[in-house]
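Participant: One structure, pasted below without further comment.
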């Protein structure tokens, strides 16, 4: 039986707010660091720095919507899919200080691979509950693959 609530919109608002909150934490760590990032030797296809917060905002909103759909449609109150969701949010937030604050780009890349595995597993679990929730994660997976390319390339090009 799915979660019954008289205010499903509130579940969406809270879920998106939690996801955006994770994004806000990440952005606070990287504040003032985008200039340093842009000063690095960049690989082909590297986007301008202003694009990152735009893309991440959209991705966090999609994550939050997907998590809300899983919460509302799952027969369990806190299914495994949402545990993976929380795990990937934590991993996502941890990547930023590794890459930007500590300049540990290789460690950040390894963490990104773990994050990608967690998001892929989360998406598979989302699909068991709500296909739309899973489909909403596809841009996130694509972006993580691209971010992995950028992360590894900046490590290789800049040491």
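Participant: What list do you get for 45, 152 if you sort them by fewest beta carbons within 10 Å?
Facilitator: 45, 152
Participant: Test of understanding: ordering 105, 131 by Cβ neighbours within 10 Å, fewest first, what list do you get?
Facilitator: Arranged by neighbour count, lowest to highest, 105, 131 become 131, 105.
Participant: Restricting to Cα pairs below 8 Å that are 6+ residues apart, what does the relative contact order work out to for the chain? Please round to a whole percent.
Facilitator: Answer for the chain is 31 percent.
Participant: To continue, here is another question. Taking other Cβ within 10 Å of each residue's Cβ, how do 156, 18 sort, fewest first?
Facilitator: Details: 156 13, 18 18.
Fewest-to-most Cβ neighbours within 10 Å comes out as 156, 18.
Participant: In the Gaussian network model of the chain, springs joining C-alpha atoms below 10 Å, which of 59, 115, 98 carries the largest mean-square fluctuation?
Facilitator: It is 98.
Participant: Now a separate question. Which entry in (i) 49; (ii) 34; (iii) 29 is this structure's computed percent of Cα pairs over 24 Å apart?
Facilitator: So the calculated entry is the one marked (ii).
Participant: Show that you can apply the helix-only estimate: for the chain, add -39,500 (n - 2.57) for every DSSP H stretch of four or more residues, divide by all residues, and state [θ] at 222 nm to the nearest 500.
Facilitator: Dividing the helical sum by the residues of the chain leaves -25500 deg cm²/dmol.
Each value in this text was obtained by applying a stated rule to the coordinates, not by laboratory testing. Computed from a prediction, not measured in an experiment: that's the story for all the values here. Methodologically, a virtual Cβ is constructed for each residue, glycine included, from the backbone with ideal geometry; neighbour enumeration extends over all protein chains shown.
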